Amino acid sequence: MNRKYSDSLFPWGIGASFVFTLLALIFGGALAGLLVEPFLEHKNFKQGGGIILMIIILVIVVGPIIYNKKVSRFEIERTPLKILDCFGVIQGLRGAFIRLIVYDGGIEIKAFYHRYLIPFEMIESVSIERIFFCNGINIKTKIEGVPGFLSLPDEQLSDMASIIQNKIGYNKANSANAMSRMAD
């Protein structure tokens with residue numbers, strides 16, 4: 001993934017990084033349970049599994065919400081026009097906290113320790129599609145590795161798709177005007 005358009009803690013996609021993180025936490029919890037249990041055998045400490053489960057929930061659920069609420073490197077140099085926070089489906093991860101931010105020059109997608117910036121000039125098309133049981137925005141772009149399908153709540157879906165389509169049309173019209181001025 002091009003670092004110009006991605007700011008992620010993991011080199012893989014969102015779904016793969018979720019599975020890797022979950023497996024690493026479960027393995028770490030099992031290892032901690034095997035190593036620590038003999039020492040706690042005589043102490044009346046029976047909540048070790050609950051503590052490990054709480055850590056897993058904090059890293060998998062609460063951590064991404066806090067991480068994606070923080071200002072990203074893309075947001076530092078831009079002014080957000082619209083911010084949408086919701087739970088949806090992105091790259092196979094159902095129930096992910098998604099933050100979608102629209103700027104003058106593009107959109108930023110934040111989900112599970114991943115942040116992507118898609119400039120409007122790199123977007124080929126935007127459409128609303130139905131896949132299985134949910135509707136979502138399908139974004140076709142020239143950038144490799146960027147999430148292409150986002151499931152959002154229905155009331156915000158068409159609004160966000162029309163904002164993105166208007167911005168794409170506006171940017172294409174401005175670039176055509178600039179090209180015609182340069183030709184004159």
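With the requirement that a residue be free of Cβ contacts under 8 Å to residues at least 60 places away in the same chain and surrounded by fewer than 17 Cβ atoms within 10 Å (Cβ to Cβ), what does segment 150-164 give you? Within segment 150-164, D154, E155, S158, D159, S162 meet the criteria. For I66, the criteria (1) at pLDDT 90 or above; (2) buried (at least 21 other Cβ atoms within 10 Å of the Cβ); (3) over 11 Å from the mean Cα position of the chain (by Cα) hold in every case but one, which is (2). Looking across segment 61-89, the residues that are in a helix (DSSP H, G or I), under 19 Å from Y116 (Cα atoms) and not small (G, A, S) come down to P64, I65, I66, Y67, N68, K69, R73, F74, E75, I76. Being among the small types (G, A, S) and outside any strand (DSSP E or B) is a property that does not hold for A96.
Taking the criterion of being touching a Phe, Trp or Tyr at 6+ places or on another chain (Cβ under 6 Å) and basic (K, R), the only residue of segment 66-92 that qualifies is R78. Candidates R99, R115: the one that is crowded, with 22+ Cβ neighbours inside 10 Å, closer than 25 Å to V62 by Cα and under 11 Å from the mean Cα position of the chain (by Cα) is R115. Looking only at residues in segment 11-30 that are aromatic (F, W, Y) and at pLDDT 85 or above, which one is surrounded by the fewest Cβ atoms within 10 Å (Cβ to Cβ)? Filtering first and then ranking leaves F27. Residues in segment 125-136 that are in contact with a strand residue (DSSP E or B) (Cβ under 7 Å, 6 or more places away or on another chain) and either over 14 Å from K167 (Cβ atoms) or touching a residue at least 60 places away in the same chain (Cβ under 8 Å) (or both): S127, I128, E129, I131, C134, N135, G136. Residues in segment 2-38 that are in a helix (DSSP H, G or I), closer than 17 Å to K110 by Cα and hydrophobic (A, V, I, L, M, F, W, C): 3 in all. Looking at I139, is it out of contact with any Lys or Arg (no Cβ under 8 Å at 6 or more places or on another chain), crowded, with 16+ Cβ neighbours inside 10 Å, farther than 19 Å from G95 by Cβ and touching a residue at least 60 places away in the same chain (Cβ under 8 Å)? Criteria not met by I139.
Tell me which residues, restricted to segment 73-92, are under 15 Å from I137 (Cα atoms) and surrounded by 16 or more Cβ atoms within 10 Å (Cβ to Cβ). Within segment 73-92, L84, C86, G88, V89, I90, Q91 meet the criteria. Within segment 95-117, the set of residues being in contact with a helix residue (DSSP H, G or I) (Cβ under 6 Å, 6 or more places away or on another chain) and hydroxyl-bearing (S, T, Y) comprises Y113 only. Within segment 35-63, if we keep just the residues that are among the hydrophobic types (A, V, I, L, M, F, W, C) and modelled with pLDDT under 75, the residue that is nearest to the chain's Cα centre (by Cα) turns out to be V36. Considering only residues in segment 134-159 that are part of a loop (DSSP other than H, G, I, E, B) and of a type in the set (A, V, I, L, M), the one that is modelled with the lowest pLDDT turns out to be L152.
The values are calculated or read from the model by the stated rules, or taken from the named source; none is laboratory data. The model shown is predicted, which means the values in this text are computed figures rather than measured ones. Methodologically, a virtual Cβ is constructed for each residue, glycine included, from the backbone with ideal geometry; neighbour enumeration extends over all protein chains shown.
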